[in-house]
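Right, one structure below, let's go through it.
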Amino acid sequence: MILQQLQTYLRTHPSTSLEELAQHFQMDADALRGMLGSLMRKGRVRRLAGKQCGRCHSCTPASLELYEWINS
């Protein structure tokens, strides 16, 4: 997958979780974190504060890790 596809997805889904991205692109979350890091350094994406969980341990960490496209 290339960064362009990730950018296109984030433009149409402005706020999404790492888990949603991993499922959509059928990629490992760690690989996506690297690409998201590149987009964050370029000022195109930001990481949002994670959802608050009730500590039931049924949520995956990737489902609580949110990213947002920054309109420029």
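Derivation of every value follows stated rules applied to the coordinates shown; laboratory data play no part. All values reported here derive from a predicted model rather than from experimental measurement. Because the Cβ atoms are built from the backbone with ideal geometry, glycine has one as well, and the counts that use them run over all protein chains shown.
Measuring from a point 7 Å past the Cα of Glu68 along Cα-to-C-beta, which residues in region 1-26 have an amide N at less than 12 Å? Correct set: 14-16. Summarising the label geometry, the points placed 7 Å from Cα in the beta-carbon direction at Lys42 and Ile2 lie 1.1 nm from one another. Calculated translational diffusion coefficient of region 1-44 (25 °C, 0.890 mPa s; Stokes-Einstein with Kirkwood radius over alpha-carbon pairs) equals 236 µm²/s.
Other residues whose C-beta falls under 13 angstrom from the C-beta of Met27 contribute a net charge of -3, scoring Lys and Arg +1 and Asp and Glu -1.
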